[in-house]
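These notes concern the structure reproduced below.
The values are calculated or read from the model by the stated rules, or taken from the named source; none is laboratory data. None of the values given here were measured: they were computed from a predicted structure. Here the Cβ positions follow ideal geometry from the backbone for every residue, glycine too, while neighbour counts run over all protein chains shown.
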Amino acid sequence: MSSNPINQHISHPGEFFVGGDWIAPSSGARIDVIQPGTEELYLSVAEAKAADVDSAVLAARRAFDLGPWPRMSPSERTVYLRRIAQAMAKHNDAFATLWSAQTGLVHSLSKAIIPSAAQTFEYYAGLGDSYPFIERHAPRAGGNFGLLVREPVGVVAAIVPWNAPLPLLCFKVAPALIAGCTVIVKASPEAPGEALLFAEAVREAGLPEGVVNIITADREVSELLVRNPAVDKVTFTGSTAAGKKIAGILTDRVARVSLELGGKNAAVILDDYDLTAAAQTLSATALYLSGQACGALTRVIVERSRHHALVEALSGVFSALKVGDQFDPDTQVGPLATARQRQRVEGYIAKGKAEGAVLAAGGGRPRHLERGFFVEPTVFGNVDNSMVIAREEIFGPVICVIPSDSDADSIRIANDSDFGLNATVYTNDFDRAYQVARQIRSGTVGHNAMRGDFAIGWGGFKQSGIGREGSIPGLQPFLESKTIILDGEPPQLSKS
C-alpha cells in the first residue's frame with residue numbers, strides 16, 4: 001500500500017451525525033488531519049462549535065427523555081448492538097487503514113486488532129440477556145416485595161482519544177447503549193475518521209434517532225460538552241491533566257465520571273529471568289504505537305548487578321528495529337502521530353540527558369527518514385526514579401532502566417509513582433510472580449509480558465483514573481441502582 005493512501009472511507013467529512021442523520025455544521029470551520037509518515041494532508045473534517053455541541057446534546061437529551069431507547073428491555077437493545085457489530089465488521093479494512101494513516105500505527109498491527117472492536121459490541125449485546133438488570137430481594141424494613149433495579153445513568157458524553165480511536169470508542173459506547181443511555185461521541189481532532197465511519201454503522205443498524213450522536217471538536221469546545229448540565233455522565237480517555245480538569249468541572253455539578261488516564265508503567269525483572277527474553281518482549285510492549293499507549297511498559301526495574309547487561313540487551317534490540325512507513329510490511333516502528341508529539345518526546349529526551357541518565361540507544365531522528373514525525377526507539381540507562389523521564393508520561397518510544405537493590409526495593413520503586421495503570425513482573429516462578437503482583441499498586445499486573453485485558457477489566461489506581469472499562473466492570477458505571485419496595489409482586493414481573 002502507498003505510504004499516503006488516499007482516503008476514500010469517509011462519505012460525510014464535512015458533516016456531523018446528529019439525531020440519526022448527517023447534518024450541516026454551524027460554521028465552515030475545518031480540522032485538517034496530517035498523515036504522520038509523510039506530513040501531507042490526509043483528511044479534512046468539520047469542526048464543531050458551541051452551537052453544534054448544543055445540537056448534539058439536545059438530540060441525545062430528547063432521545064433519552066422522550067424516545068424509546070431507555071424504555072426498551074435490555075434484550076430489545078441487544079438486537080441493535082448486534083446489528084452495529086455486523087455493520088462494523090464490513091468496514092474492518094477501512095477502520096484499520098484509518099487508524100494507521102492518522103496515528104502511525106503499523107498497519108499489520110491495526111489490521112490484527114480492529115476485528116475486536118465489533119466483538120466488543122457482540123459481548124455487551126450478550127449482557128443484555130445475562131446481566132441482572134433487575135434483582136428480587138426480601139425487604140427487612142417493611143413491605144413484602146423488594147427490587148434492586150439498575151437503570152441507565154442518562155445522557156453520556158464519550159470523549160475518545162486519538163491513539164486508539166475505534167477500540168476505545170467501542171468500550172465506551174457499547175456498554176452505555178446496552179445500559180439504555182444515549183450518547184454523544186466527541187471524536188479527537190487528530191484522528192476523527194473512525195468515529196465518522198462508525199456513524200455509518202450506527203445508521204445502518206437503524207437505532208432510534210438521537211441515541212448516538214457524533215461530532216469532532218478541539219479541546220476548548222469539548223469543554224462545553226463537559227459543562228453542559230444536560231449531560232449526566234462523561235467517560236473520558238486521555239491525559240491525566242485533562243482528566244483532572246474534567247473531574248473538577250463534573251464534581252461541581254455532581255455529574256458522573258469515568259476516567260482512563262495516563263500511566264508510567266513498571267516492568268519488574270526478578271533475578272531468575274533471562275534478560276535477552278525480557279528485552280525482546282519489552283521492545284513490543286514499549287513500542288506499540290511508537291510508545292503512544294497509556295499501558296506501555298516504560299520503567300524497567302532490575303537489580304543493580306544486572307542493570308548494565310539489560311541496558312545492552314535492550315539497546316541491541318531497539319537499535320535493530322526497522323523504523324519507517326507504517327504501511328510497509330517490514331516496518332516495526334512507525335511515526336509519532338503529530339509534530340507536537342515528536343516535539344514533546346524530543347523535549348523529554350533532552351531532559352533525560354540533562355538530568356544525567358545515560359543515553360544508550362536512539363535519541364534522535366532516523367537518518368534515513370527526512371520527512372515524517374519519526375523518533376528513534378530510545379533507551380536510557382542509570383535512570384533514577386526521581387528524574388523527570390521516570391516520573392512523567394512521555395508517550396513516545398522511550399524506555400528507562402532503573403537499578404534496584406532487592407525485590408523489596410523494586411516493588412518500592414514500582415509504587416513510587418503518581419500513576420498505577422499497568423505493570424508486569426518477569427520471573428519463572430509463578431508463586432513469586434503472584435506475590436509481587438499483589439504488592440504492586442496497579443490496575444493490571446501481567447506476567448512476563450504486557451497483559452492488559454479489557455475482557456477482564458482495564459483501569460488504574462491513583463492518578464491513572466477512576467473506574468474500569470471492559471467486561472462487567474465497564475458496564476456498571478453507566479447504570480444507577482434504584483431500590484423499589486412494594487407491598488406485593490407486580491403481575492408483569494411474576495410472568496418474567
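For the stretch 431-453, check the following and say yes or no: at least one residue is within 16 Å of the chain's Cα centre (by Cα) and without any contact (Cβ under 8 Å) to a residue 24 or more places away in the chain.
Kept after step one, since they are within 16 Å of the chain's Cα centre (by Cα), are these residues of the stretch 431-453: 443-444, 450-453.
Of the ones still in play, those that are also without any contact (Cβ under 8 Å) to a residue 24 or more places away in the chain are 453.
Yes, some residue in the stretch 431-453 is within 16 Å of the chain's Cα centre (by Cα) and without any contact (Cβ under 8 Å) to a residue 24 or more places away in the chain.
What tally of residues in the stretch 299-320 results from selecting those that are touching a Pro at 6+ places or on another chain (Cβ under 7 Å) and surrounded by fewer than 17 Cβ atoms within 10 Å (Cβ to Cβ)?
The qualifying residues number 1.
Condition check: closer than 21 Å to LEU43 by Cα and either in contact with a helix residue (DSSP H, G or I) (Cβ under 6 Å, 6 or more places away or on another chain) or crowded, with 24+ Cβ neighbours inside 10 Å (or both). Does PHE198 satisfy that? Show your work before the answer.
Numbers: closer than 21 Å to LEU43 by Cα: yes; either in contact with a helix residue (DSSP H, G or I) (Cβ under 6 Å, 6 or more places away or on another chain) or crowded, with 24+ Cβ neighbours inside 10 Å (or both): yes.
The answer is yes for PHE198.
In contact with a strand residue (DSSP E or B) (Cβ under 9 Å, 6 or more places away or on another chain) and surrounded by 20 or more Cβ atoms within 10 Å (Cβ to Cβ), is that true of GLY364? Break it down into steps so the answer makes sense when it comes.
Working: in contact with a strand residue (DSSP E or B) (Cβ under 9 Å, 6 or more places away or on another chain): yes; surrounded by 20 or more Cβ atoms within 10 Å (Cβ to Cβ): no.
In short, no.
When the stretch 160-181 is examined, which residues are found to be of a type in the set (A, V, I, L, M, F, W, C) and over 15 Å from the mean Cα position of the chain (by Cα)?
Narrowing the stretch 160-181 to residues of a type in the set (A, V, I, L, M, F, W, C): 160, 162, 164, 166, 168-171, 173-174, 176-179, 181.
Result: ALA176, LEU177, ILE178, ALA179, CYS181.
Inspect the stretch 130-152 for any residue being in the same structural domain as LYS186 (by TED's automatic domain parsing), surrounded by fewer than 22 Cβ atoms within 10 Å (Cβ to Cβ) and assigned to a helix (DSSP H, G or I) and give the result as yes or no.
Narrowing the stretch 130-152 to residues in the same structural domain as LYS186 (by TED's automatic domain parsing): 130-152.
Now drop any that are not surrounded by fewer than 22 Cβ atoms within 10 Å (Cβ to Cβ), which leaves 130-151.
Those still in the list that are assigned to a helix (DSSP H, G or I) too: 130.
Yes: the stretch 130-152 contains one or more residues that are in the same structural domain as LYS186 (by TED's automatic domain parsing), surrounded by fewer than 22 Cβ atoms within 10 Å (Cβ to Cβ) and assigned to a helix (DSSP H, G or I).
Would you call ARG71 surrounded by fewer than 17 Cβ atoms within 10 Å (Cβ to Cβ) and touching an Asp or Glu at 6+ places or on another chain (Cβ under 7 Å)?
no
When you look at ASP93, is it within 25 Å of the chain's Cα centre (by Cα) and among the acidic types (Asp, Glu), yes or no? Walk me through it before giving the result.
Working: within 25 Å of the chain's Cα centre (by Cα): yes; among the acidic types (Asp, Glu): yes.
Taking the combined requirement at face value, the residue satisfies it.
Looking at (1) among the aliphatic types (A, V, I, L, M); (2) surrounded by fewer than 24 Cβ atoms within 10 Å (Cβ to Cβ); (3) assigned to a loop (DSSP other than H, G, I, E, B), which is the one condition that is false for LEU359?
Result: LEU359 passes all but (3).
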